[in-house]
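Below is one structure, written out as structure tokens; the observations come after it.
Readers should treat all values here as calculations from the given coordinates under stated rules, not as data from a laboratory. Given the structure is predicted, the values throughout are model-derived calculations rather than measurements. Here the Cβ is made from the backbone with ideal geometry for all residues, glycine too, and neighbour counts use every protein chain on show.
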Amino acid sequence: MHMKRVLFCGVLLALFCASSAQAALTYGGSYLMKHLGMLQSGNEATNPIYLFMNEVETAMDTLTWDNGLTMDNAVNNVLEINENSEEIKLTFSANALAWSSTSGVVLWDYDTIVPKTDQLLLDPVADAVGTVEGTFYYDSDDDIPYYRNASAWVALGAGTFAGGSITSDMTLSNGVDVLSTTTDAHTNSLQGRDIDGAAYVDVLRWTNGNTVALVLGAPTISFALDSTGVDISTAGAVSGVTTLSIGGAITGATDITASGTLTAGAWSIGTFSTTGATTLGDNTSTVAVNSSSWDVTTAGAVSGVTTLSMSGDLTLSAGDVVLATGQVVKGSTTTAQTIALQVYDNDTGPGYKNAILLTNGNTPAIAIGDNNPTVAIDSSDWDISTAGAMTGIGAITMDGLLTGTLGATVTGAAVNLNVTSNFAVNISTGTTNAQVTIGGGSTPFAIASTALDVSNAGAVSGVTTLSLSDDITMANGKAIKGSTTTAETIKLQAYDNDTGPGYVDAVTITNGNAPGISFGNNVVTVAVNSPDWDIDATGAMTGIGAITADGLITGSLGLTITAAAVSLNASSNFDTNINTGTSSGNVTIGGGSGTVGVVSSDWGISTTGAVTKVASVGFDSLSVIYVDTVELSNADIKALRATKKQLVAAPAAGSFIELVSAVLILDYGTNVLTESADNLVIQYATSGQDATGAIEATSFIDAAADTICTVSPADIPNTAATNAVANALELFNTGDGEYAGNAGNDSTMTVKIAYRIHPAGL
């Protein structure tokens, strides 16, 4: 015990000796040096080492510092530290060290010191002390630890999940479940995120109760079941089911198909009705229906049927649908009801697509195609290919705009545009920059229509009513046809609600040596809808390929042809008339961005404007003055010394340009341009012969506002003809440097130049 105290005293000696409040030692160093001879005396009263250690041991029992701080071990194995009203005790035992204080220690701040231990023992408490972020305690009521974040206490361990993100996989041990509460009607769910709906939706939802309710999926999500036995696709197709036991009715919008056998007890069919498909027989025995009014023989012959009303498809595996003369296929009289002839599309859907659609209405509508199947018309006189190419067409009459994207070629007869009409005829206007050529054609072409008509050279008319209560489904290669009687007609009809009311012809087919087909009866609207070309109910044609007509094309709403060359009377000897008759509308050729040429047997105007073989030209004056406008960018202005700006292109060989006048307009930007005796001049290119005097740049180029400078031509008393002939006019900076300044690079210049072109006659 003495040695323990000696070591402990040695550790605390520095603190003891450093304190100004502690009295000097009686048996210190000085005393030892004076009494070295007494070290071996063996007398406690005189041995300086013994006296020093005894004094230190006595002093260490209680150490006193400034401000009332004391330290003592008056009680065995207990170190007491006292500072005024606070007392801290450090109690030593065999395998433990206990801290205690008078007021109860709530904070031990180790700062960056991390204590090392293999266990942390917390005394369970009923409530947390304080709300300091980072506090940790063990709750005696919940038997779980808690920690304090910035705003609340958060439970750890086997308690409830307080919410937040799970950033890694959650693995459950064997026998561990995910449980809801025990509350009746309590609902829990697994949810997925609906991105476009910006909301979470239930994927799996269950509700507590005497019978737990489980719901898979939601109306806004797709659902599928994929197992080794039963599968359900996202479209609702069920497969792999072996036995289906149902306690209620089976209701569906589509057919129920089974490959097994429907087995029941004795069947007695008296009054029998069904809204679905009913199959009698199993293809191994004959089936017949024998009633007092109608029959079906074992060979399948149906007789005595007056009205056939079906809720499903009529499918023929052999034979055609034969109608007696004058009979029609028609729908009901319901407004807006539609009936159709359909064709099966193998890859789109797959499913049936409309070939001909009839819609009842005040003006019944006929639609051929639905923008998915191809549509073609093949007659003995005219045709429309699946790509919309029309051949053999007679007269076409339209009351709408004719629009095309691959040009127009019209030959074979006179072409009249807006004859006796006051509307303008525009050819190659707008932004068109393609060449326009008029003359040289010979093929006549005409369009005449009120809605959509086809003449005897390709006319469709006389369609009657086609009325069905359901679809007509025919085997591959089968047709709807009349008898073999000459001139007999069969029709597809639509119901007209206000005209009559009654059925009106949509499609009429007439037997004959040259059988005829007619669409519409001048009451119904007619439209053609294919994936490549269309004719809407007003007769507007879109996506049309080449149109070949052997009749007159007549229109009352003008003509717009774009996207390809337009040829009128090409290779034809017929006249081309534009705005003749009583027309008073403007005729515009060209839109200012494309070339225009006129070619005749006597005179012409080239696409560059060269006029040849003109007998006479009359002007208001004796010569022509041309005025051009040239724009100079900021970069152009600052480079006029190195790169001259062409104002007038060089004329033809043997001609020269006479400068009449020029106007220079400075469009001032955000700051001025700078110059140093760098004037401008207009000169003849190549030769450098000045056409003007020096154009003073000061107060013009360096002006701080928009400025206009007018320039007159200079007198040129004598100059070699070669200096001017076939030379362009250009603007040139005559100084020894380029213009600078205008840090904003936003000042520009416009030059308006007037000039004549003379043949030199040399």
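About the Cα centre of the range 329-589, what is the dipole size in debye to 20, counting +1 per Lys and Arg Cβ and -1 per Asp and Glu Cβ, all else neutral? The partial results should precede the final answer.
Numbers: 5 positive and 19 negative charges, 36 e Å.
Roughly 180 debye, rounded to the nearest 20.
When all C-alpha to C-alpha distances in the range 520-650 are sorted into bins of 5 Å, what percent of pairs does each bin hold, rounded to whole numbers?
2, 5, 8, 13, 14, 12, 11, 9, 7, 7, 6, 4, 2, 1, 0, 0
Quick check: residue separation of Ala514 and Phe223 times 0.36 nm, minus the Cα distance between them. What number comes out in nm?
The Ala514-Phe223 span can extend by a further 99.0 nm.
Compute the distribution of all C-alpha to C-alpha distances in the range 119-158, in bins of 5 Å from 0, and list the percent of pairs in each, rounded to whole numbers.
Per 5 Å bin, starting at zero, the Cα-Cα P(r) for the range 119-158 comes out as 6, 26, 33, 26, 9, 1 percent.
Taking the Cα centre as origin and putting +1 on Lys and Arg beta-carbons and -1 on Asp and Glu beta-carbons, what dipole magnitude results for the range 626-759, to the nearest 20 debye?
Computed about the Cα centre, the dipole is about 360 debye.
Sorted from fewest to most neighbouring beta carbons within 10 Å, what does the list Leu323, Leu280 look like?
Ascending number of Cβ neighbours within 10 Å: Leu280, Leu323.
State the answer as a single residue: which of Gly134, Ala155, Leu120 lies farthest towards the positive end of the charge dipole of the range 119-158, with beta carbon charges of +1 for Lys and Arg and -1 for Asp and Glu, about the Cα centre.
Farthest towards the positive end: Gly134.
Sorting check: for 511-519, 627-635, which peptide has the highest mean count of neighbouring beta carbons within 10 Å, and how do the rest follow?
The packing order, highest mean first, is 511-519, 627-635.
What's the extension gain from Ala389 to Ala564 if we count 0.36 nm per residue and subtract their Cα-Cα distance?
Full extension from Ala389 to Ala564 adds 61.4 nm.
Can you give the FRET efficiency for Ala743 and Val598, using 1/(1 + (r/R0)^6), R0 = 51 Å, r = Cβ-Cβ distance, to the nearest 0.05?
On the way: r = 51 Å, r/R0 = 1.01.
Once rounded, the FRET efficiency stands at 0.50.
Gain in length, Val176 to Leu25, computed as 0.36 nm per residue apart minus the alpha-carbon separation, to one decimal in nm?
Contour length minus Cα-Cα distance gives 47.2 nm.
If each of Ile605 and Val78 carries a label point 7 Å out from its Cα toward its Cβ, how far apart are those two points in nm?
12.5
Mind sorting Thr722, Thr167 by how few other Cβ atoms lie within 10 Å of their own Cβ, fewest first?
Final ranking by Cβ density, sparse to dense: Thr167, Thr722.
To the nearest 0.05, what FRET efficiency results for Ser332 and Ser303 with a Förster distance of 25 Å applied to their C-beta separation?
Numbers: r = 25 Å, r/R0 = 1.01.
According to the calculation, E is roughly 0.50.
How far is it, in nm, from the label point at Glu87 to the one at Gln40 when both lie 7 Å from their Cα along the line to the Cβ?
4.9
Compute the FRET efficiency between Ile589 and Thr284 as 1/(1 + (r/R0)^6), taking r as their Cβ-Cβ distance and R0 = 51 Å, and round to the nearest 0.05.
E between Ile589 and Thr284, to the nearest 0.05, is 0.05.
Counting other C-beta atoms within 10 Å, which of Arg205, Arg756 has the fewest, and how do the rest follow?
Lowest count first: Arg756, Arg205.
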